1. Where does the chain land at 222 nm, in deg cm²/dmol rounded to the nearest 500, when only DSSP H runs of n ≥ 4 count, each adding -39500 (n - 2.57), divided by all residues?
2. Treating only the Cβ atoms of Lys and Arg (+1) and Asp and Glu (-1) as charged, compute the dipole magnitude of the chain about its Cα centre; round to the nearest 20 debye.
3. Suppose the chain between Ala526 and Thr147 were pulled fully straight at 0.36 nm per residue; how much longer would it get relative to their current alpha carbon spacing?
4. Calculate, for the chain, the solvent-accessible area per residue in square angstrom, rolling a 1.4 angstrom probe over the heavy atoms of the protein chains.
5. Taking 0.36 nm per residue of separation and subtracting the Cα-Cα distance, what length does fully extending Glu20 through Asn273 add?
6. Considering only protein heavy atoms and a probe of 1.4 Å, how much of the accessible area of the stretch 241-390 is carbon and sulfur, as a whole percent?
7. With a point put 7 Å past each Cα toward its Cβ, work out how far Thr75 is from Glu167 in nm, to one decimal.
8. If you stretched the chain out fully between Thr327 and Val576, how much longer would it get, using 0.36 nm times the residue separation minus the C-alpha to C-alpha distance?
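The values are calculated or read from the model by the stated rules, or taken from the named source; none is laboratory data. Since we're looking at a predicted model, the values are computed, not measured. No Cβ is skipped: glycine too gets one built from the backbone with ideal geometry, and neighbour counts run over all protein chains shown. For the accessible areas, the whole protein counts, side chains as well, though only heavy atoms, and no ligand, DNA or RNA atoms are used. Shrake-Rupley method; radii C 1.70, N 1.55, O 1.52, S 1.80 Å.
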Amino acid sequence: MTIEHRVVFTPSGIEATAPEGSTVLDAARGAGVDIDSVCGGRGLCGRCQVVPSTGQYAKWGLTSSDDALAAAGPTELDYRGRRPLGPSHRLSCQAAVLGDVVIDVPPQSQVHRPVVRKAIDLGDITVDPVVTLHYLELPTAELGEETSDAERVADALADQWDLPAVEIPASALAALSSAMAEGNGAVTAVVHTRLREPADDCGAAAVERQVLTVRPGYCDEAYGVAVDVGSTTVAGYLLDLATGEVAATAGRMNPQIRFGEDLMSRVSYAMLNPDGTAELTAAVRAAIDELIDELCEAAGIGRGNVCDLVIVGNPIMHHLVLGIDPTPLGAAPFTLAVRDGVWATAADIGIDLPGAALYMGPCIAGHVGADAVAAMLAEGPHRSASPQLLVDVGTNAEIILGDGRRVWAASSPTGPAFEGAQLSCGQRATAGAIERVRIDPDTLEPRFKVIGCDLWSDDPGFGHALGSLEVTGVCGSGIIEVIAEMYLTGIIDHRGVIGGELAERSPRIVADGRTFSYVLQTEPVALSVTQNDVRAVQLAKAALRAGIDLLAEHAGLAEVADVRLAGAFGAHISPVHAMVLGMVPDGPVDGVKGVGNASGAGAARMLVAGAQRAEAEQAAREAVKIETATEARFQELFVAAMSLPHETAASPHLAKVVDLPPRASSDSEHAGTRRRRTARQQRATQEQR
C-alpha cells in the first residue's frame, strides 16, 4: 500500500498529495504549482529551490516537521551551480517527501508562464527549406591518395546530388572524419543554401551552399526552430523541415523583464550600466536556449537534429539577441545597426545547436522590427488587393497598413497597460487572471471569467470549479472589456471620468480620494478599477489609435474593412470591446479579428521556405515608414483619440451591434477642463516616448 502525504505550497496555497519518497518537484508539477526547472530534475540548474517550513498550521490542519523531507543527498550536498543554495533552501527535484509538509516557493524559483497560442497557421506555402539533408556513400580512401575527406564530401555532393561548389567551412571539419569512420564511409551531409540577390536587375541570383555538419550513416530527421522574441514573452515553435508540420510549441516570460517592463527601460539599463547590453543579451539568449530544450523534450528529439533557427523580434530585442548595443534606438534618429536579414550560425549567438544555421529576420526601421515583418509575411497586407490593417498590440504597438498598392508602417508607444502592467488591478495573463467581464446595465453588478476556469463568476459551481485557484487580478483582455463595459453602462463618460453620482445607486462605485473607483471583487483579493487605471488605458489606446489614424491619412483611406489584431493579446481581446474603446477605427465589426501570434507564424514560414525569406526582405525594403515621433499631426490625433470611442470620429458600424451611450448636447461647461486635460495628455504621451 502506497503511503501518501499532504504537501501545501505557499504563497499560492495549492495543496497536493504526494506518494512517500517522491520529490517535491514531482508534487508541484502534478498540482500545477509554479516552480522553475530547466535541467530535467538532475540537480544541476538550481532554479527549483524551495524552503520547507516547520510548525503547526491550523489553516491547513497539519504539522510540518524537520523530518518531513529526507535529508540532503550527495547531489544536493555537492551542488555548486550558478545559483547557490540559500539558507534552509532545498532543491525540490532532490528533496523526497516523507511526511506532511508546508513548502514555500520563493519568488526567484517561480516562473509565471505566459499563455501561448498553441497552433500557428502557415497558410498556403510550398515547403522548401534552406537546410537540407543529403545521404552520401563515399569511396574508401587508399594509401597514396591525396584527396582529403572534405574534398570527397564536396565531390560526392556534386556527383550524387548535383550540388556543385559546396563549401565545407572550418566549423564542419571537426565532425567530418569521425562521422565517416563511424558510418563506414556512409554519411549524411547537412547543407545550407542561400540565394544572394543580384546587384542589379540584369544579373542572376548567386547560389551559395555550405555544409553545416556531417552525421554518420543515414539520417532523415531535420528540424528547425522559429522564435518570436517579444518584450514580455518568448514563443518558440519546433517544425519538421521536411513536412512543415509543427512538432512542438512552448513559451515563457522574457527574463529581461527584471531589467524593465518596457523597451525604453531596457535601453536605459544598457545605457547606464557598463555591462548592461551584455547582461540583457545573456538573459534573452539563455531564454532561447532553454526554450529549445523544452521544445526538443516535448517532441522527443535530440538537439542535434535541429538544423536551422529563425528568430524575429522588435528592433531592440533583435539587436540584443545579436549582442548589439540598443542605445541608438532610444533616441532620434533611431538608427538600426542592421536592417536586412542576418545569416549566421546558432553558435555565433551562443546557442548550443552544433551545426545549426541562424537567420534573423529583417527590420523595417528603428521601431518597426522583424516581428512586424514576420506578421506582415503571415497575414499579407502587401499581397492583399484590398486595404488591410495589421496591428501587433504590445508595449510598443507596431502598425502595418496596406492599400493594395503600397504598405505603410509605424509604431506607437502604448506602454504596458494593455498587458495589465502598472495598473492597480492588473496582472499578466496567467491562471487566476480575469480575462472576460460583463456589467449589468441595471444593477451595475459585474460577472467575469478567469483563466483556468470555464465558468462565469455567476454560474452555479463557479467556486467549486475554481478549486484552490484564486482570482488575483485582471489581464489585458479583461482590462479592455471592463473599461468598455463601464462606458457602455454609463459608469464612465466618453472622457473616461468615473461618475461619482452612481455611488448612491450601486455599492460598486466607491470614493477613492478625490476620484472614484469601480469594485470588481472584494475577496479574497480586492480588485478595483481606479480612475488612474482608466486614464492609463486611455493613454495607451490613444497612442495606438493615433498611429493608425496617421497611417490612414497617409494612405488616403477613410475606412478599412479588414482589421487584424496580432499577438497573444490580439488573439484574446473582444473585437467589439476594442472598438468601443476606440482602439481601432470604426468599420464592419465582423471585419475585426484576432489572428494569434502572426509573428511566430511568419517566422515559421521563413523557416520552412527560403522563398519566404526573400519575400520578407523585399516587403521590408518597400514598406514606407512613418515616424510618429516627428509628425506634428500625431499629437492632434492623440488628443482626439483620448475620448471613448473617439472625440470626433463617428461609429455607425459599431452602433449597429451595441447601444452607445448618448453624449451631452453641449460640452461648453467642460471647455476649461478639456484645455487643462489636453496639456496633461500631451505631457503624458511625451513621457511615454
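1. Calculated mean residue ellipticity at 222 nm is -9000 deg cm²/dmol.
2. Values: 54 positive and 88 negative charges, 508 e Å.
In debye, rounded to 20, the chain gives about 2440.
3. 128.8 nm
4. Numbers: 29290 Å² over 689 residues.
On a per-residue basis, the chain sits at 43 Å².
5. Values: separation 253, 0.36 × 253 = 91.08 nm, distance 4.86 nm.
Answer, rounded to one decimal: 86.2 nm.
6. Working: 2610 of 4960 Å².
Carbon and sulfur: 53 percent of the exposed surface of the stretch 241-390.
7. Modelled inter-label distance: 4.5 nm.
8. Working: separation 249, 0.36 × 249 = 89.64 nm, distance 3.85 nm.
The Thr327-Val576 span can extend by a further 85.8 nm.
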